[in-house]
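Here is the structure we will look at.
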Amino acid sequence: MEAKLLRTSFPALQSPNASKFPSQISTLALQTRKPAILRSSLEKGRVLSLRVFASSTELAKKERVDESENLKLENIRQSLIRQEDSIIFCLLERSQYCYNADTYDPDAFAMEGFSGSLVEYLLKKTEMLHAQVGRYKSPDEHPFFPYDLPRPLLPPLQYVQVRGTRYCGQ
């Protein structure tokens, strides 16, 4: 198996005599051309696997459907408990740092093409990145800066219809 992997990885090592000396070739390749991570895992006899991902053109043809069970009552309850814990933990973590007034002052930092504080700038750029992967196409995600967001690179997911036709907000 190792000799097959090494021969496909290193076509320059293939020769008419390659099948006669597979252990010498694999040892040579192992010592000279393999990265340290791959070399250590091959020496320890670990199994290596490769994952193949589809190209973006194939993703566009496929319809993406949200098949999660996030809207079940038990899952909502667990999600709220986790969110509560993470909010409390983040507040405790944040409380150890001093207040930095300059990061919230719109005039403290000058960014080309942006007028606002450093925190607003970082938040806007983060939201732009998240919009590119489709975060704000989800019905429960809303950006702080909804204007000028880029279009998602992935096709949108088809989400489950949560509200009925007799919704009181209509």
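The values are calculated or read from the model by the stated rules, or taken from the named source; none is laboratory data. The structure presented is a predicted model; accordingly, all values stated were derived computationally and were not measured. Heads up, the Cβs are rebuilt from the backbone with ideal geometry, glycines too, and the neighbour counts pull from every protein chain shown.
Cβ-Cβ under 7 Å, sequence separation 6+ or interchain: first residue in region 57-72 and modelled with pLDDT of 70 or more, partner exposed (fewer than 10 other Cβ atoms within 10 Å of the Cβ). Which pairs?
LEU71/VAL162
Can you name every residue in region 121-166 that is touching a residue at least 24 places away in the same chain (Cβ under 8 Å) and of a type outside the set (Phe, Trp, Tyr)?
Correct list: LEU153, LEU154, PRO155, PRO156, LEU157, GLN158, VAL160, VAL162.
Can you give me the ranges of the helices (runs of 4 or more DSSP H) entirely in region 73-170 with at least 3 residues that are closer than 29 Å to GLU63 by Cα and either touching a Pro at 6+ places or on another chain (Cβ under 7 Å) or among the aromatic types (Phe, Trp, Tyr) (or both)?
118-132
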